[in-house]
Each structure stands twice: as structure tokens, then as C-alpha cells.
Amino acid sequence: MRVSKSMAVVLAPCGVRVVTLLPGWVSTRMVDYSGLIEVDESVSGMTKVIADIDRYEPGSFVAFDGRIVPY
């Protein structure tokens, strides 16, 4: 997380917004399909977060559903 926060500070003057995305516990082969959400839901949510990136503080840790994850 420190890297993301540092990147957010360094890149802000260039107009680049930085957040860290948490995809969630996604049902994939890697976790033997034991995930709580499907790939489509995770990707759709992360796409929305990216589209609304200006509403998040630079360097934030944001879950696929738009919730801020404290760290």
C-alpha cells in the first residue's frame, strides 16, 4: 500500500490518479472455484471504480464494490 500511496503523490502533478484495487474473493481455478463472487462481478465492479476514480482519495485501497478498505 505504501507504494501506491507514494505513486499517488508523485504522479498527481502529472494528472495521474492512483488507487489499489481489491478484486475480491473471485471464483477461479486458482482457488478451486471456492470464491464468493464470479469473475464478471469482480471485473464489472473494478471497471466502475476506475470510471469513478475521481471520487476516491489518491492512494486509496478500494474493493471491487467501491468500498474503501482500511489499511
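The values are calculated or read from the model by the stated rules, or taken from the named source; none is laboratory data. Note that the coordinates shown come from a computational prediction; the quantities given were computed from them, not determined experimentally. Heads up, the Cβs are rebuilt from the backbone with ideal geometry, glycines too, and the neighbour counts pull from every protein chain shown. Accessible surface areas use protein heavy atoms only, side chains included; no ligands, DNA or RNA. Shrake-Rupley method; radii C 1.70, N 1.55, O 1.52, S 1.80 Å.
Identify the single condition in (1) farther than 16 Å from Tyr71 by Cβ; (2) in a loop (DSSP other than H, G, I, E, B); (3) free of Cβ contacts under 8 Å to residues at least 40 places away in the same chain that Glu57 does not satisfy, given that it satisfies every other one. For Glu57, the failing item is (1). Within region 24-50, the set of residues being open to solvent by 50 Å² or more (accessible area, probe 1.4 Å), within 16 Å of Phe61 (Cβ to Cβ) and either in contact with a strand residue (DSSP E or B) (Cβ under 7 Å, 6 or more places away or on another chain) or assigned to a loop (DSSP other than H, G, I, E, B) (or both) comprises Trp25 only. Pairing each residue of region 2-25 that is within 24 Å of Val43 (Cα to Cα) and basic (Lys, Arg) with any residue that is part of a helix (DSSP H, G or I) and open to solvent by 70 Å² or more (accessible area, probe 1.4 Å), provided the two are 6+ apart or on different chains, yields C-beta distances under 8 Å for Arg17/Asp54. Taking Val9 as the residue in question, decide whether it is part of a helix (DSSP H, G or I) and either buried (at least 16 other Cβ atoms within 10 Å of the Cβ) or not hydroxyl-bearing (Ser, Thr, Tyr) (or both). The answer is yes for Val9.
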